């Protein structure tokens, strides 16, 4: 069995968890370049967890400039088995107003300027991604939310846009017509790369605004987003702490096999694989290579 270890990707404010002990930070080198920042390690009730600030401390990186491959590789090298993404988003639904927490289960990827796979020329792989989040991890988040009396909406489609600009009104209305529930800039290719790295992945999407479609609300602006994030901070920390404390000692198999995603995904013949590429995949795909 594999020891369970939770990785948290989100803002640096999540580090301030009550009861967090044995803390340390560490720089993790990866063959894909530098992750967003040093990784921060700690323990909650004897369960080790790892934090990574997605945008770097001080929010230095735009969504497009984040090195998603390095971030996921660094977490994998740190022994992480489950990744919980905490991110701000806009809402396309009247009933999901600012302050709502959404456990999304689907994504539509509209990004275009990011490296989206660890694989490519020299070693080709195609992972299954019909169900992009791990239901077992989502169950744990939902149970933690119930235990802490934190309302969450389970299920929804997250439209991932490139950014860094917010949507036009036409785009916002188009995405609503597609049946999307929330919109953000960061969960792709993060979720795809987590699946390639055989990490269980789930998202807590924290609604900060109504994008720009709502006739009774103004355009999205950074000050209002920051105010809502500040209001949500305590509940987010409370939820993350409970998820971490309730993690099992041993990693439990993902019901849909996301932790075995590479079993049949690599199609390049062994004798045709580029050894340089294979060497870069040591952490991500070492189990099958």
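The values are calculated or read from the model by the stated rules, or taken from the named source; none is laboratory data. Worth saying up front: this structure is predicted, and the values here are computed from it rather than measured. Methodologically, a virtual Cβ is constructed for each residue, glycine included, from the backbone with ideal geometry; neighbour enumeration extends over all protein chains shown.
Which count do you get for residues in segment 1-32 that are more than 19 Å from residue 187 (Cα to Cα) and not in a loop (DSSP other than H, G, I, E, B)? Lay out the reasoning, then the answer.
If we filter segment 1-32 for residues that are more than 19 Å from residue 187 (Cα to Cα), which is where we start, we get 1-5, 15-31.
Filter once more, so that each one left must be not in a loop (DSSP other than H, G, I, E, B): 3, 15, 21-26, 30.
Summing the residues that are more than 19 Å from residue 187 (Cα to Cα) and not in a loop (DSSP other than H, G, I, E, B) in segment 1-32 gives 9.
Residues that are buried (at least 18 other Cβ atoms within 10 Å of the Cβ), at least 3 per element: which helices (runs of 4 or more DSSP H) completely within segment 179-289 meet that? Walk me through how you get there before you give the answer.
Details: elements: 190-196, 222-245, 275-280, 282-285.
The qualifying helices (runs of 4 or more DSSP H) are 190-196, 222-245, 282-285.
Among the residues of segment 150-170, which ones are within 17 Å of residue 88 (Cβ to Cβ) and in contact with a helix residue (DSSP H, G or I) (Cβ under 8 Å, 6 or more places away or on another chain)? First the steps, then the outcome.
If we filter segment 150-170 for residues that are within 17 Å of residue 88 (Cβ to Cβ), which is where we start, we get 150, 152-153, 156-167.
Within segment 150-170, 150, 152, 159, 161, 167 qualify.
Surrounded by fewer than 18 Cβ atoms within 10 Å (Cβ to Cβ), more than 15 Å from residue 193 (Cβ to Cβ) and in contact with a helix residue (DSSP H, G or I) (Cβ under 6 Å, 6 or more places away or on another chain), is that true of residue 122?
yes
Given the conditions (1) outside any loop (DSSP other than H, G, I, E, B); (2) surrounded by fewer than 20 Cβ atoms within 10 Å (Cβ to Cβ); (3) at pLDDT below 95, which single one is not true for residue 99?
Result: residue 99 passes all but (1).
Can you confirm whether segment 74-83 contains a residue that is in a strand (DSSP E or B), within 12 Å of the chain's Cα centre (by Cα), in contact (Cβ under 8 Å) with a residue 24 or more places away in the chain and farther than 14 Å from residue 8 by Cβ?
Looking only at segment 74-83, we keep the residues that are in a strand (DSSP E or B), and these are 82-83.
Those still in the list that are within 12 Å of the chain's Cα centre (by Cα) too: 82-83.
Within this subset, residues satisfying the condition of being in contact (Cβ under 8 Å) with a residue 24 or more places away in the chain are 82-83.
With the extra rule that they be farther than 14 Å from residue 8 by Cβ, the set shrinks to none.
No, segment 74-83 contains no residue that is in a strand (DSSP E or B), within 12 Å of the chain's Cα centre (by Cα), in contact (Cβ under 8 Å) with a residue 24 or more places away in the chain and farther than 14 Å from residue 8 by Cβ.
Among what's in segment 20-55 and is out of contact with any strand residue (DSSP E or B) (no Cβ under 9 Å at 6 or more places or on another chain) and crowded, with 18+ Cβ neighbours inside 10 Å, pick the residue that is nearest to residue 111 (Cα to Cα).
Selected residue: 55.
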